[in-house]
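The values are calculated or read from the model by the stated rules, or taken from the named source; none is laboratory data. Predicted model only: the values in this text are computed from it and were never measured. Here the Cβ positions follow ideal geometry from the backbone for every residue, glycine too, while neighbour counts run over all protein chains shown.
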Amino acid sequence: MPANSTTAEIVAAMRSAQRIAIVAHVRPDGDAVGSVLGLALSLRALGKDVIAMLEDGVPSNLAFLPGTDTVLQPDAATPPLGIDLAIALDTATHERVGETTKALLDAAPVLVNIDHHPTNPGYGTLNLIVPTEPATGQIIYNLLTEHGLPMDDAVRQNLFIAISTDTGSFQFSCTTARSHRIAAEMMEAGLDTARLSQLVYQSYPVRRLELMRDMLNHMQFRAEGRIVSWQLKQELMDSISMEPGDTEGLIDTLRMIDSVVSCVIFEDVAGGKVRVSARSKDSRLDVSAICGQFGGGGHRMASGARMKGPIGEAAEKFLQVLEHEVRRID
């Protein structure tokens, strides 16, 4: 991975550009959406012409965030953007922005890559990869405050959700003292964190409870209860009209089980593929290394991959490798 650029170099690129596209990975989560919008709103306040763009759009569970109505969801008919700077956030590989988005970004003379995934190879013209940060939103907050870029309540809302969701509401081991200090700074500035937490953690549609019911009824254990997994099949998704974002954080319910060292959700996706989401509760178990064996990656304690279906066969292949690693840490 190439050496990081300085924050001064990255801010200089932002200040010198006039038309900027800011993107994140497909199937965006709270950190992706919050980081994109937090930075976009700040740069718009600086007078920049900013296109916030997400290949899969904004999931319904995050539609309350300010600025979501400005997000462009590109398609084959989207004309060239005419940008002089592209910024990819929270995206471990360039391809993860999505095929259509990547094609639109390729015309930009400069690509800034800001991320916290340790597997990020540094694919940008300018790179800021900080694996010690629990969320890309935390990197963006530090960048804005360090260089005096605009920060209003709308920016804070987005960056708070980015940090809160990627730290499991400040519960995961990746959470830093700085994470708590940032939340305190935001509260001192007047941010209503209680309202935001209620919107993101206590405002679920019935669809999500239907998913949770199926998960609790059909979760499977192995390795004497140290591994728990669930297969989310297309039939269930169709029957409840599942929307993007409905599964966000579901895996944390499986993490709650006292005997569990690792939990995995397997999900049917388009093209006969299976999306794998894996978590570890023991620092000795590196799920990113396991996901790496199947073409994926991420963090040591939280990672993912895409596998060839059908879902049952993919699950068994992955769980066999996972069980071998879990037994090694006994």
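Residue-by-condition table, conditions (1) assigned by TED's automatic domain parsing to the domain that holds SER60; (2) closer than 26 Å to CYS291 by Cβ; (3) free of Cβ contacts under 8 Å to residues at least 12 places away in the same chain:
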{"site": "ASP192", "(1), (2), (3)": "yes, no, yes"}
{"site": "ARG195", "(1), (2), (3)": "yes, no, yes"}
{"site": "ARG213", "(1), (2), (3)": "no, no, yes"}
{"site": "HIS218", "(1), (2), (3)": "no, yes, no"}
{"site": "MET237", "(1), (2), (3)": "no, yes, no"}
{"site": "MET256", "(1), (2), (3)": "no, yes, yes"}
Review point. Just for strands (runs of 3 or more DSSP E) wholly inside region 219-325: which have at least 3 residues that are surrounded by 15 or more Cβ atoms within 10 Å (Cβ to Cβ) and modelled with pLDDT of 95 or more?
Key: 227-232, 262-269, 273-280
Practice item. Working only within region 60-71, note down all residues that are within 21 Å of THR193 (Cβ to Cβ) and at pLDDT 95 or above. Key: LEU62, ALA63, PHE64, LEU65, PRO66, GLY67, THR68
Check your understanding: Mind checking which residues of region 276-312 are in contact with a Leu (Cβ under 9 Å, 6 or more places away or on another chain) and touching a residue at least 60 places away in the same chain (Cβ under 8 Å)?
Key -> ARG300, MET301, ILE311
Study note, to complete from the structure: Sole miss for ALA3 among (1) at pLDDT below 95; (2) within 14 Å of the chain's Cα centre (by Cα); (3) in a loop (DSSP other than H, G, I, E, B) is condition (2)
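Based on this model, can you work out whether ALA107 counts as in contact (Cβ under 8 Å) with a residue 24 or more places away in the chain and crowded, with 22+ Cβ neighbours inside 10 Å?
Criteria not met by ALA107.
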**Study point:** Members of region 132-165 found to be assigned to a helix (DSSP H, G or I) and in contact with a His (Cβ under 8 Å, 6 or more places away or on another chain), listed by number
**Key:** THR136, GLN138, ILE139
Review point. Which condition does SER179 not pass, out of (1) of a type in the set (Ser, Thr, Tyr); (2) outside the structural domain of VAL33 (by TED's automatic domain parsing); (3) at pLDDT 95 or above, if it passes all the others?
Key: (2)
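Can you say whether VAL130 is in the same structural domain as GLY57 (by TED's automatic domain parsing) and in contact with a Gly (Cβ under 6 Å, 6 or more places away or on another chain), as far as the supplied structure shows?
The answer is no for VAL130.
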